[in-house]
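S.K.: I am attaching a structure below and will ask some questions about it afterwards.
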Amino acid sequence: MRKYRGVVFLGKCNLNCWYCDKPHYTVDEEKVIGSLKKILNRFDKNEVAMRVECRGEITLYQRIINYLENKAKEGYCIEILSNGLLLANVLEEHTNIHCVVSLDGHNKRMNQFRKLNQQQVDTILDNIFRYKAEIQSVILGQTTDEINEFIQYLIDRDFNTRLHLFPCSIKGKLISKSLDYQALKQADFLPPKEYFYRWQYILENQKRDFVCDFFKNGYTYYIYNNTIEMMKCDGTPNCHDFRVPFGEEQHYKEYPCGTCINHNEYNNSRSFINTSGE
């Protein structure tokens, strides 16, 4: 299994999602690339899987994408998180970058909190299939019937990566109901059954009694142009109290995970991380 390292830089976005903190940071791409080099140089390319994302939209930064593309060609396992609108504008046709796309369904209504029109939704969906991307869907207001229609839509288009479903969290507080796994249309690309039980447990008890995969195998680096800070995870606001300057990775027996629940719960089973497959 590869080590999993998340890298986050702060930038601008081309959307205005309701549940986002609407970042508008100035990015010096060359400085960010310099910081990425420092982080990548810490790891053997065969032993690490790296997810690079922007607290904004990464595809607005072509030079950063080009740098990551070149590193992926060298053999580094690189994925990016994107809203998917501009992927076809910035990625190479046969890209070596693995893509994860944020989309809350296959129609305008399901994406009301992302404020997408249907043409934008269709463009994002086409890019998902073009690049064989995974999907991250925030569950907030979609009915079970709508989610099942989305699952069927993906089945009909031979989707075969991952559909991640997780609740909306505002300032570390869950504001979404859990999903009933038994009521969902079954598909191989859904999260494992145990994940939905964990989600329900957290809502009912306001705590967790299990350890997520990211805490077992992950670490997060924050880039502010040419400054790097580190923390084990950034899943809740309290995690930022554990931020330290760039240096040795810290190890923790306990961490303020609280009610955090998302796709990282079962991250180590993904083929991107697990070289033996899912």
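The values are calculated or read from the model by the stated rules, or taken from the named source; none is laboratory data. What you see is a predicted model, and the numbers here were worked out from it, not measured in a lab. Cβ placement follows ideal geometry from the backbone for every residue including glycine, while neighbour counts extend to all protein chains displayed. Surface accessibility is based on the protein's heavy atoms, side chains included, excluding ligands, DNA and RNA. Shrake-Rupley method; radii C 1.70, N 1.55, O 1.52, S 1.80 Å.
S.K.: Taking the options 127, 107, 111, 148, name whichever one is surrounded by 14 or more Cβ atoms within 10 Å (Cβ to Cβ), in contact with a Gly (Cβ under 9 Å, 6 or more places away or on another chain) and more than 30 Å from residue 240 (Cβ to Cβ).
M.R.: Details: 107 fails: in contact with a Gly (Cβ under 9 Å, 6 or more places away or on another chain); 111 fails: more than 30 Å from residue 240 (Cβ to Cβ); 148 fails: in contact with a Gly (Cβ under 9 Å, 6 or more places away or on another chain).
Result: 127 is the single residue among 127, 107, 111, 148 that is surrounded by 14 or more Cβ atoms within 10 Å (Cβ to Cβ), in contact with a Gly (Cβ under 9 Å, 6 or more places away or on another chain) and more than 30 Å from residue 240 (Cβ to Cβ).
S.K.: Report, by residue number, each residue of region 223-237 that is open to solvent by 10 Å² or more (accessible area, probe 1.4 Å) and out of contact with any Gly (no Cβ under 7 Å at 6 or more places or on another chain). Spell out the reasoning first.
M.R.: Within region 223-237, the subset open to solvent by 10 Å² or more (accessible area, probe 1.4 Å) is 224-229, 232-237.
Passing the criteria: 224, 225, 227, 228, 229, 232, 234, 235.
S.K.: Taking residue 51, is it open to solvent by 10 Å² or more (accessible area, probe 1.4 Å), touching a strand residue (DSSP E or B) at 6+ places or on another chain (Cβ under 9 Å) and free of Cβ contacts under 8 Å to residues at least 12 places away in the same chain?
M.R.: Working: open to solvent by 10 Å² or more (accessible area, probe 1.4 Å): yes; touching a strand residue (DSSP E or B) at 6+ places or on another chain (Cβ under 9 Å): yes; free of Cβ contacts under 8 Å to residues at least 12 places away in the same chain: no.
Considered against the rule, which asks whether it is open to solvent by 10 Å² or more (accessible area, probe 1.4 Å), touching a strand residue (DSSP E or B) at 6+ places or on another chain (Cβ under 9 Å) and free of Cβ contacts under 8 Å to residues at least 12 places away in the same chain, residue 51 comes out as no.
S.K.: Same structure again: Is it the case that region 198-218 has a residue that's touching a strand residue (DSSP E or B) at 6+ places or on another chain (Cβ under 8 Å), under 19 Å from residue 40 (Cβ atoms) and either of a type in the set (S, T, N, Q) or in contact (Cβ under 8 Å) with a residue 12 or more places away in the chain (or both)?
M.R.: Yes, that holds for at least one residue.
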